[in-house]
Amino acid sequence: MKVVGFIGSPRAGGNTEHLVREILRGAREAGANTVEFVLNELAIRPCQGCDACKSVGRCRIQDDMQTLYDEILEADALVIGTPIYFWGPSAQTKAFLDRLYGIDVEGVREKLAGKRLLLACAFADADPHTADNTINMLRTGAEWFKMPFYEPVLAVASARGEVAGQPETMRRAYAAGRALASS
Ligand SMILES: Cc1cc2nc3c(=O)[nH]c(=O)nc-3n(C[C@H](O)[C@H](O)[C@H](O)COP(=O)(O)O)c2cc1C
């Protein structure tokens, strides 16, 4: 079982980073191999809408997303972590998600079916609807790709790394990682 985590916050030591790492720790303790990527450290150009992928079979933009495509296609489960920015995912996360269009091609898309997807979100506002747009975006995407969508890990936290001081939230993150990597 290979679990690949994506950290969509630009803030090193931030809440999303803590959540994703705790999820991956749980997955490892359930026997998985894990890899993580910090999207902000990678070159991921926004999708150009050129539709070259539809004839070539993969996005033609030669940037770090090419490595991520390989990682995704090899993975059994994906963890996508994002802070909530303006009631949606961060720009880094959105650019990454849009670029999945580059493998949403007949003959490739089918390879995503069955891979597990877990979303983790950090946000400041305790309103339970704060992450709704992002959850719905990822859930719909998971349905499209026929990927089982696991119960998202949500954290209300504002300051950098605040979530690390919330044992109950960290426990949920760890448990979600374990569940993701268990059959
Ligand atoms: C540009 C920006 C937009 C934000 N928008 C929201 C928002 O719409 N709702 C919310 O609850 N928090 C919002 N926040 C707060 C962050 O989601 C919160 O601080 C989160 O813990 C950041 O996660 P991180 O530490 O992983 O970066 C925003 C923060 C920034 C910097």
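The values are calculated or read from the model by the stated rules, or taken from the named source; none is laboratory data. As the structure is a computational prediction, the values presented were derived from the model and not from experiment. Here Cβ is always computed from backbone atoms with ideal geometry, including for glycine, and neighbour counts include all displayed protein chains.
Summary of computed values
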| quantity | calculated |
| --- | --- |
| Among the residues listed as LYS146, LYS54, the single one being among the basic types (Lys, Arg) and within 24 Å of GLY177 (Cα to Cα) | LYS146 |
| Subset of segment 93-114 [β-branched (Val, Ile, Thr) and within 16 Å of the ligand (Cβ to nearest atom)] | THR93 |
| Hey, GLU143 part of a loop (DSSP other than H, G, I, E, B), without any contact (Cβ under 8 Å) to a residue 40 or more places away in the chain and more than 16 Å from the ligand (Cβ to nearest atom) or not | no |
| Residues (touching an Asp or Glu at 6+ places or on another chain (Cβ under 9 Å) and among the β-branched types (Val, Ile, Thr)) located in segment 106-162 | VAL153, VAL156 |
| Unmet requirement for LEU19, which otherwise passes all of (1) within 11 Å of the ligand (Cβ to nearest atom); (2) of a type in the set (A, V, I, L, M, F, W, C); (3) out of contact with any helix residue (DSSP H, G or I) (no Cβ under 7 Å at 6 or more places or on another chain) | (3) |
| Candidate set: segment 1-16, residues that are more than 10 Å from the ligand (Cβ to nearest atom) and assigned to a strand (DSSP E or B); chosen: the one surrounded by the fewest Cβ atoms within 10 Å (Cβ to Cβ) | LYS2 |
| Qualifying positions in segment 147-179 - among the aliphatic types (A, V, I, L, M) and more than 30 Å from LEU73 (Cβ to Cβ) | VAL156, ALA157, ALA159, VAL163, ALA164, MET170 |
| Scope segment 155-177; condition closer than 18 Å to ALA27 by Cβ and not in a helix (DSSP H, G or I); matching residues | ALA155 |
| Filter pass, PHE37 being of a type outside the set (Val, Ile, Thr), within 16 Å of the ligand (Cβ to nearest atom), more than 21 Å from GLY114 (Cβ to Cβ) and surrounded by fewer than 16 Cβ atoms within 10 Å (Cβ to Cβ) | no |
| Inter-residue pairs, beta-carbon under 6 Å, first hydrophobic (A, V, I, L, M, F, W, C) and in segment 92-103, second assigned to a helix (DSSP H, G or I) and surrounded by 19 or more Cβ atoms within 10 Å (Cβ to Cβ), 6+ apart | PHE96/LEU39 |
| Count - residues of segment 85-123 that are in a strand (DSSP E or B) and within 13 Å of the chain's Cα centre (by Cα) | 8 |
| Flag for GLU168 being over 22 Å from THR34 (Cβ atoms) and more than 11 Å from the ligand (Cβ to nearest atom) | yes |
| Sole residue being within 22 Å of GLN92 (Cα to Cα), modelled with pLDDT of 95 or more and more than 11 Å from the ligand (Cβ to nearest atom), chosen from LEU180, LEU154, LEU117 | LEU117 |
| Residues satisfying the stated conditions in segment 40-92, i.e. within 16 Å of the ligand (Cβ to nearest atom) and surrounded by fewer than 19 Cβ atoms within 10 Å (Cβ to Cβ) | ASN40, GLU41, TYR85, PHE86, TRP87, GLY88, ALA91 |
